[in-house]
Amino acid sequence: MRTNTGPSDRKRPSFIEQARRAQIVEAAAEVVAEVGYAHTSFARIAEKAGISKSVITYHFSGKDELLRLVANQFFNQGWEYMEARITAQETAAGQVRAWIESELDFFGAHRTQFLAMSDIMANHRSEDGSHAYTDELAEEVEGLAEILTQGQHDGELRPFDARGVADIILRCASGVLESWAMDPDIDLKGQTAVLLDFIDHAIGKDPA
């Protein structure tokens, strides 16, 4: 479930270059979170980072490359945080809960980066005009569906369309995050608990 973070034909950047790129990526995330994808520019990012535009163009060929890196990097950091918690669970139900709980927990702890990532993923397009993150989102659904299918095979979860339910669960999690993105005063942990209870009842077997 990892994403590509940039061209593979570039030489490995030096420590100083890595630090500068990290500074630019952080500033870009802050700008997107503040003004949105459409209004983000190298000029705004340079002002936020306290550097010249030429420094950015030295490291990045254009806005698309930079903003895709912003989203990909945070997406991968989130999955690294989630994966350890998911695989630590021994049951399918536990893995589903860990997936959703750790996802909302990680994003909730990194609001600026989440706002930037979600805006970029919603608006970034490939060269042919298609949504750039279709494959990543489909892979996420398939990954959760595999857990649900295994839980059904083990007799732990009731029968249902695993892929359809996986898609619905992830959309519900996205809905909670979207509400929190619009209103930071929303109790994200409280809403997470409500969502987890809903999921438990939706996928668990009826008590005998």
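The values are calculated or read from the model by the stated rules, or taken from the named source; none is laboratory data. None of these values were measured; they are calculated from a predicted model. Every residue, glycine among them, receives a Cβ derived from its backbone with ideal geometry; neighbour counts consider all protein chains shown. Heavy atoms of the whole protein, side chains included, go into the accessibility calculation; ligands, DNA and RNA do not. Shrake-Rupley method; radii C 1.70, N 1.55, O 1.52, S 1.80 Å.
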> Which residues, counting only those in segment 9-41, are at pLDDT 95 or above and hydrophobic (A, V, I, L, M, F, W, C)?
Replying inline: ILE24, VAL25, ALA27, ALA28, ALA29, VAL31, VAL32, ALA33, VAL35
> Does ASN76 satisfy being under 30 Å from ALA46 (Cβ atoms) and open to solvent by less than 10 Å² (accessible area, probe 1.4 Å)?
Replying inline: no
> Going through segment 10-42 one residue at a time, which ones are part of a helix (DSSP H, G or I), within 26 Å of the chain's Cα centre (by Cα) and loosely packed, with under 13 Cβ neighbours inside 10 Å?
Replying inline: GLN18, ALA19, ALA22
>> For segment 79-104, which positions are open to solvent by less than 30 Å² (accessible area, probe 1.4 Å) and either polar (S, T, N, Q) or at pLDDT below 95 (or both)?
In response: SER102
>> If I filter segment 178-196 for residues that are open to solvent by less than 70 Å² (accessible area, probe 1.4 Å) and not in a helix (DSSP H, G or I), do I get at least one hit?
In response: yes
> Which residues, counting only those in segment 87-103, are hydrophobic (A, V, I, L, M, F, W, C) and closer than 14 Å to GLN150 by Cα?
Replying inline: ALA92, ALA93, VAL96
>> Looking at the structure I just gave you, is ASP206 touching a residue at least 40 places away in the same chain (Cβ under 8 Å), at negative phi and loosely packed, with under 14 Cβ neighbours inside 10 Å?
In response: yes
> Inside segment 120-132, can you point out the residues that are in contact (Cβ under 8 Å) with a residue 40 or more places away in the chain and open to solvent by 40 Å² or more (accessible area, probe 1.4 Å)?
Replying inline: ALA122, ASN123
>> Condition check: in contact with a Phe, Trp or Tyr (Cβ under 9 Å, 6 or more places away or on another chain) and either in a helix (DSSP H, G or I) or open to solvent by less than 80 Å² (accessible area, probe 1.4 Å) (or both). Does ALA116 satisfy that?
In response: yes
>> List pairs: first residue in segment 133-162 and closer than 27 Å to VAL70 by Cα, second residue of a type in the set (S, T, N, Q) and not in a helix (DSSP H, G or I) anywhere in the structure, Cβ distance under 9 angstrom, at least six positions apart or on different chains.
In response: TYR133/THR3; THR134/SER126; ASP135/THR3; GLU136/THR3
